[in-house]
Amino acid sequence: MDTQPLYDLAPVARLMLLGVVIALGPLAWVWVRNRHAPPAQRLRVLTLLTLFLTFDLVLFGAFTRLTDSGLGCPDWPGCYGSASPVGASQSIAAAQEAMPHGPVTFSKAWIEMIHRYLATAVGVLILVLSLVSWIERKRLSVSYVWPLVTLVWVCLQGAFGALTVTMKLFPAIVTLHLLGGLGLLALLRAQSVGYALAAPGHPGPVGLPGRLRWALGAVFALVWLQIALGGWVSTNYAVLACSEFPTCQGSWWPTMDFRQGFTLWRELGQNRAGEAIAFPALTAIHYVHRLMAYLVLAAMVWLGWRLWSVAGMRGTARALLLLAAWQFASGLTNVVLDWPLLAAVGHTGGAAAMVVVLTGALFGTRRTRLHDATSASRASAMPLSDPIR
């Protein structure tokens, strides 16, 4: 294991080919089902399908992290220089024999490589979206720039995936990799909204009073902050620092070391001096996320209540209220039931769903003056040339 180079580009071509093969299935389905549809309709369907598969990729990434499979293959992009654990079986067996309880096993290697295969396929789909958007740019009412931005984003996301492995699960890198995956979801969701609004016969974006739309943006920002805090809890394995609710370690304000806990640039399980991280630091990481959860939960419920009375936003309001309940239940389950895998993956899925719903709400609405019917009508009739404004 020690002599294995961190980067071995030998299997790159085979991995790329495998990604193309996996992506051919969704591409063929979109083409067959929409072969007589205009280009914008085909792109919208492909964007939605890519969004769905990216959501699945985020969940599988959480599964990879939570099963400690992130180092199942200690090099990148392949596994011991092979395109699959089959070709690396001797190296995996030797590593497992040397460290029976170490990070490398056959099951972990397969989990890690399946995650990479799915990521490559999603990258291929986004590349196709970018190419088709560019080729059909004169026939589309939605800007081709954002698929290109998404392509650049997914390439950066791949780079962070490589660093996750080569930097041995460095907490800041792993957290940024999680946030990058959710950012990819937001970009794809914004594009799908843009295609929907540009479709013939669509009534246009929903008008929201200025203060309510501002509040929507504020809740969106709070959710991102809470996701970053949750990622920091997970990547530092601080979930079980508090194993009771609503108190922590029998106290409403347990002993905490905020400075050490929120020192961002350090190795996993260590402080900046290279010593083992103190338990009060893990407690601080956990408890800050829990306190922020109360604020985000209240904000989500309030926003759902306000949006419930807005025409065209009841579905969004219902989704926000259900997701708030889901995140509370799954988060509580993680604490009191010792971090079960299903609840932990579900908690990440709930966060990803919140990003998708709030992104759709932001880009599917426009600011209007309160009780100004004329302004609302004008906003609804305004064509959308760019899905992100």
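The values are calculated or read from the model by the stated rules, or taken from the named source; none is laboratory data. Please read all numbers here as calculations on a predicted model, not as lab measurements. For neighbour counting, all protein chains shown are included, and Cβ atoms are generated from backbone atoms with ideal geometry for every residue, glycine included. Remember, those area values only see protein heavy atoms, side chains included, never the ligands or the DNA or RNA. Shrake-Rupley method; radii C 1.70, N 1.55, O 1.52, S 1.80 Å.
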| request: Would you tally the residues in region 310-355 being outside any helix (DSSP H, G or I), more than 17 Å from HIS286 (Cα to Cα) and either β-branched (Val, Ile, Thr) or open to solvent by less than 50 Å² (accessible area, probe 1.4 Å) (or both)? | output: 2
| message | If I filter region 115-130 for residues that are basic (Lys, Arg) and either in contact with a Gly (Cβ under 8 Å, 6 or more places away or on another chain) or not in a helix (DSSP H, G or I) (or both), do I get at least one hit? | response | yes
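Matching residues to (1) within 30 Å of LEU342 (Cβ to Cβ); (2) without any contact (Cβ under 8 Å) to a residue 60 or more places away in the chain:
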site	(1), (2)
LYS108	yes, yes
ARG116	yes, no
ALA121	yes, no
SER130	no, yes
VAL145	no, no
| said: Suppose we keep only residues that are modelled with pLDDT under 95 and of a type in the set (Val, Ile, Thr) within region 1-27. Which one would you say is surrounded by the most Cβ atoms within 10 Å (Cβ to Cβ)? | reply: VAL12
| query | What is the residue count in region 213-241 for residues that are farther than 27 Å from VAL310 by Cα and aromatic (Phe, Trp, Tyr)? | reply | 2
| said: Anything in region 195-229 that is in contact with a Ser or Thr (Cβ under 8 Å, 6 or more places away or on another chain), in a helix (DSSP H, G or I) and either free of Cβ contacts under 8 Å to residues at least 24 places away in the same chain or not basic (Lys, Arg) (or both)? List them, or say none. | reply: TYR195, ALA198, GLY210, LEU216, PHE220, ALA228
| task | Go through region 83-112 and give me each residue that's open to solvent by less than 20 Å² (accessible area, probe 1.4 Å) and either basic (Lys, Arg) or not in a loop (DSSP other than H, G, I, E, B) (or both). | result | ILE92, ALA95, ALA109, GLU112
